[in-house]
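Report on the structure given below.
None of the figures in this text is laboratory data; all of them are computed from the coordinates on show. It should be emphasised that the depicted structure is a prediction, and the values quoted were computed from it without experimental measurement. Methodologically, a virtual Cβ is constructed for each residue, glycine included, from the backbone with ideal geometry; neighbour enumeration extends over all protein chains shown.
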Amino acid sequence: MKNIRIRKFTEAIEASKFQEVIDEVKSLIESTIENSGGDFESFIESFIKEPNEVRIEGLINESDIYDFYLKYRNQIDESLNDINFYDNPPSEIGALGLYEYTIKGTMISVQEFVKQLSK
């Protein structure tokens, strides 16, 4: 009985460990839609299919992406670790320096958070 409670508690923590950053991404998407039109579900589908073509307001400029990383770095790093992002060399994503690696890694984690919104 104790193991079942621990497992349920662990699953609840896992389900909500990124909730704060997912809520922020959702808010940014809603702001983007509000300013440029469309609907939430089709935006998410488009972003998942073409993440380099579809832009989220607030995550367009590198400086904004870096600020987003600084604000949510623990959750971003953990999400990237969950998908084994750090197992691959920076050259695999075309990053030539630490700053670019951070920017590209942050946007890959944003893609993961957007996928969570589609569920």
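With each label point set 7 Å from Cα along the Cα-Cβ vector, what nm distance links ASP82 and ASN61?
It is 3.0 nm.
What length, rounded to one decimal in nm, is gained on full extension from ASP23 through to GLN111, with 0.36 nm per residue of separation minus their alpha-carbon distance?
Numbers: separation 88, 0.36 × 88 = 31.68 nm, distance 1.36 nm.
Value of the extension gain: 30.3 nm.
Under unit Cβ charges (Lys, Arg +1; Asp, Glu -1), what dipole magnitude, rounded to 20 debye, does region 18-117 have relative to its Cα centre?
Dipole of region 18-117, to the nearest 20 debye: 160 debye.
Checking understanding here: applying a Kyte-Doolittle mean of at least -1.0 and a length along the axis of at least 18 Å (C-alpha), which whole DSSP H helices in the chain pass?
Helices passing the filter in the chain: 2-16, 19-36, 98-117.
Rounded to the nearest 0.05, what FRET efficiency do SER31 and GLU100 have when you use their Cβ-Cβ distance and R0 = 22 Å? Please report the intermediate quantities before stating the final value.
Details: r = 26 Å, r/R0 = 1.17.
After rounding to 0.05, the efficiency reads 0.30.
Work out how much length SER118 to ASP39 would gain on full extension: take 0.36 nm times their residue separation and subtract the Cα-Cα distance, in nm to one decimal. Before the final figure, lay out the partial values.
Working: separation 79, 0.36 × 79 = 28.44 nm, distance 1.28 nm.
Net length gain for the segment: 27.2 nm.
When the helices in the chain are scored as -39500 (n - 2.57) per DSSP H run of 4 or longer and the sum is shared across all residues, what 222 nm value do you end up with, to the nearest 500 deg cm²/dmol? Before the final figure, lay out the partial values.
On the way: 5 runs with 84 residues, N = 119.
The helix contribution divided over the chain gives -23500 deg cm²/dmol.
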